[in-house]
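Presented below is the structure to which this report refers.
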Amino acid sequence: MCIIADMTLASPPSRSPNPDDLLVLLAVARTGRFTAAADSLRLNHTTVARRITALEKALDGRVLSRTVGGWELTELGKRAFDAAENVEASVAVLNGAAGQPGHLSGVVRMSATDGFSAYIAAPAVVALQRTHPNLRVEIVTVTRRALQHRSGLDIEVVVGEPQVHRAEAVRLGHYRLGMYASRAYLAEKGTPGSVAELTQHPLVYFVDSMLLVDDLDAPRRLVPSMRASLSSTNVFVHVEATRAGAGIGFLPCFMADQHPDLVRLLPAQFNEQLQYWMVLRPESLHQPAVATLVAALRHQVDSFRQALHGRPSPV
């Protein structure tokens with residue numbers, strides 16, 4: 001992409017927009033914020049605002065509208081966005097980038113749960129960067145519902161089917177959770193052989209008052225009498241606390257099964273199945289880097305599917 005010069009716009013409005021102004025619109029639409037667009041273009045916030053104003057004068061209309069979560073394209077802005085993509089593609093061809101192995105560049109920002117980020121997203125990104133070393137990916141780990149205003153995020157991965165507005169939701173697949181305890185804990189406290197015996201043990205799980213995803217409330221629903229032992233908003237803490245003997249953890253099978261010192265308990269009674277969904281802003285879908293990462297994430301989910309479902313428990 002060409003470097004946009006910071007110069008005063010002294011000429012009168014024109015019906016032919018400046019291609020650099022279109023590229024600024026592209027960055028604002030993809031990030032949802034002037035500041036994030038300025039960072040990606042290596043400009044300052046004032047220059048970005050001035051470029052958008054110049055573009056609106058040239059097109060004689062608003063290209064962006066302000067929302068609670070940032071900026072969104074108007075109908076005129078969507079047409080300008082399509083034109084801007086053509087400009088970007090043409091610049092890439094002139095720079096000799098199109099069709100070359102390392103042509104994807106820039107920053108893709110995504111959010112996902114702790115487990116998905118570590119076991120799905122991280123390997124997918126590393127594999128992708130072998131072909132596209134100039135691509136950067138920022139991952140925010142969080143367990144929550146899909147945002148209604150997702151400015152600054154290109155991809156969200158959430159648990160449970162999301163209810164979203166002005167976004168695309170794609171089901172990635174499902175994973176299973178089960179009750180686990182460490183071998184040392186069971187040797188000391190005994191192995192529960194029924195649900196009634198299980199309830200006599202403490203539970204390691206999410207902080208109930210801070211749980212933002214309804215689909216993750218299975219222990220409260222299945223064994224409401226289990227008292228909390230150690231609670232955390234981070235699933236890696238659940239795993240390590242269970243391994244350390246804090247109690248019985250309700251854990252994702254694909255994480256717990258990695259540790260031979262953990263034993264799965266009562267799999268017939270506790271075999272919760274949850275779904276991973278991916279949410280994308282419409283503008284992000286037009287970005288080659290985002291589209292490529294989406295494909296890589298889906299491929300990694302497919303490759304990891306057996307582990308997501310959990311390994312068979314011994315009879």
When the residues of region 155-167 are filtered to those that are modelled with pLDDT of 85 or more and in a loop (DSSP other than H, G, I, E, B), which remaining residue is surrounded by the most Cβ atoms within 10 Å (Cβ to Cβ)?
Pro162
Residue, surrounded by the most Cβ atoms within 10 Å (Cβ to Cβ), within region 14-27, restricted to residues that are more than 16 Å from Gln287 (Cα to Cα) and at pLDDT 85 or above
Asp21
Residue pairs qualifying under the 8 Å Cβ cut-off, at least six apart or on distinct chains, with the first in region 28-45 being closer than 18 Å to Pro282 by Cα and modelled with pLDDT under 80 and the second being β-branched (Val, Ile, Thr) and buried (at least 24 other Cβ atoms within 10 Å of the Cβ), are none
Apart from one, (1) more than 22 Å from Ala184 (Cβ to Cβ); (2) surrounded by fewer than 16 Cβ atoms within 10 Å (Cβ to Cβ); (3) in contact (Cβ under 8 Å) with a residue 12 or more places away in the chain all hold for Ala268; the odd one out is (3)
Looking at region 219-250 only, could you name the residues that are within 20 Å of Leu274 (Cβ to Cβ), surrounded by fewer than 17 Cβ atoms within 10 Å (Cβ to Cβ) and not polar (S, T, N, Q)?
Arg220, Arg221, Leu222, Pro224, Phe236
Looking at (1) within 26 Å of Gly32 (Cβ to Cβ); (2) part of a loop (DSSP other than H, G, I, E, B); (3) at pLDDT 90 or above; (4) not β-branched (Val, Ile, Thr), which one does Ala295 not meet, given that it meets all the others?
(2)
Condition met for Asp261 (among the acidic types (Asp, Glu) and either modelled with pLDDT of 95 or more or under 16 Å from the mean Cα position of the chain (by Cα) (or both))
yes
Residues satisfying the stated conditions in region 135-152, i.e. over 21 Å from Leu216 (Cβ atoms) and either crowded, with 17+ Cβ neighbours inside 10 Å or modelled with pLDDT under 85 (or both):
Leu135, Val137, His149, Ser151, Gly152
Filter result (within 18 Å of Glu272 (Cα to Cα), of a type in the set (A, V, I, L, M, F, W, C) and loosely packed, with under 15 Cβ neighbours inside 10 Å) within region 197-218
Leu212
Which numbered condition in (1) among the aromatic types (Phe, Trp, Tyr); (2) at pLDDT 95 or above; (3) in contact with a strand residue (DSSP E or B) (Cβ under 9 Å, 6 or more places away or on another chain) is the only one that Phe236 fails?
(3)
Looking for whichever is outside any helix (DSSP H, G or I) and touching a residue at least 40 places away in the same chain (Cβ under 8 Å) here; the options are Leu172, Leu128, Leu186. Which one fits?
Leu172
Name the residues in region 52-68 that are under 20 Å from His286 (Cβ atoms) and under 30 Å from the mean Cα position of the chain (by Cα), would you?
Ile52, Val63, Leu64, Ser65, Thr67
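The values are calculated or read from the model by the stated rules, or taken from the named source; none is laboratory data. The structure displayed is predicted, hence computed values, not measured ones. For neighbour counting, all protein chains shown are included, and Cβ atoms are generated from backbone atoms with ideal geometry for every residue, glycine included.
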